[in-house]
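Have a look at the structure below before the remarks.
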Amino acid sequence: LEEREVHPEEWDWYKDNIIDYIQQDLRLADTFTVQDIERAIGLLNVNAVCLQFPKVKGTPLRELGKGIYPIFAIMSHECICNTRYVIDPKTFNMYVRSRVSIKAGEELTVQYLSALWGNLKRRKIIRSEWYFDCACVRCADRTECGSNISSVKCFECNAGNLMPRDSLDYDSVWFCSKCNSEIAAERIEALVKDIELEFDGVLETEEFWRYRELLEKYSGTFLHPNHWILTTARRNLIQYMCYGDPTRIFPPVDHVEKFKLCQDFFTTLKKVDPGWSDLSMFAAREFHYAKLSLLEREFAVGRVQMDEFSVKSRNSIDALDRINKDKEFLVFDDERDRLDG
């Protein structure tokens, strides 16, 4: 199996804990050959879905193993997909639902990895874990649907953005959108890896307010402001302000900065993760909350008149009501979603 060459340590573990157990402890060597067991492991690794239920009402976070769903397994991956799935925690039945409008005859697709990762990182993981090279609309576009979520600032002029000439070529040279200078892919990867290590360090130390320092240090200087590391830092910082201790951020994040964080995150995410998803609903909710809070602040100090305040605040409140209603469809509902009624 090709997978053994890519992940040799995993296959050593499989041999010690699965293959030997089945053949020796269970004495089934005459029934299942090593090749039979290895093939089954490979099929599970590539096609199985992790069975965990953090999104289901009344069900605590628990991981119960993996499940094989033959029809779902033949669905194609696209980095910008048109479906999502939920699993009934009682029966383990899977239900696939649309996340955007789907035309008659259009292929149903699913997303394997986080939409926040850039092309190079995402495509390499797909190749390593699922053994194919994704060539979807997003992967084939050097700007990633206009998001520039992988672009870095030019090493020469610093005014333009560096992008790969051929985004489907892992080793493609990168070129500047302004001065047209060319940079080897290895230098881009080295820069991004160094910054990613700094980003990971914030998570390891749980000093989440340092995401703000990363944004100030790298946005528009070394990385495009929408770069996936910075977009993820915005997401994490927004989550920290929602669920953590925002008093540990100094100086405090004011209404203007909070709105800018949410606006930048929401605007970038819409390009690479459209439709209904947990992440898109979170981004939309926080954007409209921040927009409403800033509007109330501006009205309180007299910068916004009553007529403007009434219209804009109503728009944000209506948007939040729609989000609260729509997000109910992201979790499994026993009465609504069960096929057997």
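The values are calculated or read from the model by the stated rules, or taken from the named source; none is laboratory data. In this text the structure is predicted, and so the values were computed from the model without any measurement. A quick note on method: Cβ atoms are made from the backbone with ideal geometry, for glycine too, and the neighbour counts reach across all protein chains shown. To get the accessible areas, we keep the full protein, side chains included, count just its heavy atoms, and leave off ligands, DNA and RNA. Shrake-Rupley method; radii C 1.70, N 1.55, O 1.52, S 1.80 Å.
Some points to look at:
- Among the residues of the stretch 67-83, those that are under 8 Å from Q111 (Cα atoms) and either part of a loop (DSSP other than H, G, I, E, B) or in contact (Cβ under 8 Å) with a residue 60 or more places away in the chain (or both) comprise E78, C79, I80, C81.
- Residues satisfying the stated conditions in the stretch 96-130, i.e. touching a Pro at 6+ places or on another chain (Cβ under 9 Å) and either within 18 Å of I188 (Cβ to Cβ) or among the hydroxyl-bearing types (S, T, Y) (or both): N119, L120
Condition check ((1) buried (at least 19 other Cβ atoms within 10 Å of the Cβ); (2) modelled with pLDDT of 95 or more; (3) not aliphatic (A, V, I, L, M)) across all residues:
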residue: H255; (1), (2), (3): no, no, yes
residue: F259; (1), (2), (3): yes, yes, yes
residue: T267; (1), (2), (3): no, yes, yes
residue: F282; (1), (2), (3): yes, no, yes
residue: E286; (1), (2), (3): yes, yes, yes
residue: D318; (1), (2), (3): no, yes, yes
residue: L330; (1), (2), (3): no, no, no
residue: D337; (1), (2), (3): no, no, yes
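- The helices (runs of 4 or more DSSP H) found wholly in the stretch 225-329 and carrying at least 2 residues that are in contact (Cβ under 8 Å) with a residue 12 or more places away in the chain and under 19 Å from the mean Cα position of the chain (by Cα) occupy 228-243, 255-272, 278-300.
- For I125, the conditions (1) closer than 22 Å to F222 by Cβ; (2) within 14 Å of the chain's Cα centre (by Cα) all hold with the exception of (1).
- Just one of the numbered conditions (1) at pLDDT 90 or above; (2) open to solvent by 40 Å² or more (accessible area, probe 1.4 Å); (3) under 27 Å from R234 (Cα atoms) is not true of K55: (1).
- Residue, surrounded by the fewest Cβ atoms within 10 Å (Cβ to Cβ), within the stretch 71-94, restricted to residues that are among the aliphatic types (A, V, I, L, M) and in contact with a Leu (Cβ under 7 Å, 6 or more places away or on another chain): M75
- Counting the residues of the stretch 98-121 that are free of Cβ contacts under 8 Å to residues at least 60 places away in the same chain and either open to solvent by less than 30 Å² (accessible area, probe 1.4 Å) or hydrophobic (A, V, I, L, M, F, W, C) (or both) gives 7.
- Complete set of residues in the stretch 84-96 that are of a type outside the set (V, I, T), over 20 Å from R122 (Cβ atoms) and in a strand (DSSP E or B): M94, Y95
- Checked against (1) free of Cβ contacts under 8 Å to residues at least 40 places away in the same chain; (2) assigned to a loop (DSSP other than H, G, I, E, B), D36 passes all but a single condition, namely (2).
- Single condition I149 does not satisfy, out of (1) open to solvent by less than 60 Å² (accessible area, probe 1.4 Å); (2) part of a helix (DSSP H, G or I): (2)
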